[in-house]
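Have a look at the structure below, then the notes.
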Amino acid sequence: MEYLEYPPHPRLAAYIECYWSAFSEKPPFREQESLIPDGTIELMFNFGDDYFHIRDGAYVKIKGAHVIGIRKEALSISQPGRQHFFCIRFKLGGTYPFFGIPGNLFANSFYTVEELLGRQLKELEERLFEAPGNVERVGITNDFLLRKMDTGNTDYLFALTCMPAVLKAPNIADVLRQFNLSYKALERKFSRVLGVSPSELVRIKRFSNAVHAMYSGRFDSLTSIGYHCGYYDQSHFIREFRQMTRFSPREFLKEQFTIVQVIQPALAERLSKMYNL
């Protein structure tokens, strides 16, 4: 499989982690793979074969351009055919200044482009399909997003201001006092802009740190990883990990999901930048 990343225009870098492409003439992964919670929303332009979302044992076909919403738990997929994607990986809350659609509507599933974002995105899909290569696709996408960007979106700016405090404060009460808000008010703003509540955001960061640590080779046991990443004890680590992936940490490592291994460099970059604002 060929996987490549491209930086967005500098004016878009606050909202977009990268553009990326993936190409493979043969099925690139094993029969079932896992898209883990990582704090991103993906806008996917699929020029290859359809693939499947595995939900409650059923295979649901994912066709054409689509959005993979912010994930609060892992999504299972199967890609049995030819892969050819060009995609936009938005940072946490990064879709809101462009589309203004509440982030919770993107949460934890797959959505068609027209269903959420309308005809404009369908026209963009057609232009990207006709482009001769990824360099041209990056230019087309930059131009499209620069025209749609709303840098003065007050809800987004407020959520971005609160996010570092939520991630770093020892408890949420300190954040509520700092910003003179009730938890419900903060939760509404986070849900609308980011697609997750403050407590869900903390869980995703903790989980992302744990996954990165598990693949880093820097720890001698899963117990030490759990404590390092902020879990209260081993039981808390296992319980929360199961809630987000359906596997214990040990079972998850044993599965050796290919996608998880491919995204490790991007995950490390995200942890150093997005979550350490």
Within segment 1-25, the residues that are assigned to a strand (DSSP E or B), within 30 Å of LEU160 (Cα to Cα), open to solvent by 60 Å² or more (accessible area, probe 1.4 Å) and touching an Asp or Glu at 6+ places or on another chain (Cβ under 9 Å) are GLU5
Identify the single condition in (1) touching a helix residue (DSSP H, G or I) at 6+ places or on another chain (Cβ under 9 Å); (2) farther than 25 Å from PHE241 by Cβ; (3) in a helix (DSSP H, G or I) that ASN104 does not satisfy, given that it satisfies every other one. (2)
What pairs come out if I take residues in segment 252-266 that are closer than 17 Å to GLN79 by Cβ and pair them with residues that are of a type outside the set (S, T, N, Q) and at pLDDT below 80 whose C-beta lies under 6 Å away, six or more apart or interchain? THR258/PHE29
Is there a residue being part of a loop (DSSP other than H, G, I, E, B) and either modelled with pLDDT of 90 or more or open to solvent by less than 60 Å² (accessible area, probe 1.4 Å) (or both) anywhere in segment 52-63? no
What residue, among those in segment 26-51 that are modelled with pLDDT under 90 and open to solvent by 20 Å² or more (accessible area, probe 1.4 Å), is farthest from the chain's Cα centre (by Cα)? LYS26
I'm told GLU125 meets every condition in (1) in a helix (DSSP H, G or I); (2) out of contact with any helix residue (DSSP H, G or I) (no Cβ under 9 Å at 6 or more places or on another chain) except one. Can you identify the failing condition by its number? (2)
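The values are calculated or read from the model by the stated rules, or taken from the named source; none is laboratory data. Small disclaimer: the values here were computed from a predicted structure and weren't measured. As a convention, Cβ positions derive from the backbone with ideal geometry for all residues, glycine included, and neighbour counts pool all protein chains shown. Each accessible area value is taken on the protein alone, full model and side chains, heavy atoms only, with ligands, DNA and RNA left out. Shrake-Rupley method; radii C 1.70, N 1.55, O 1.52, S 1.80 Å.
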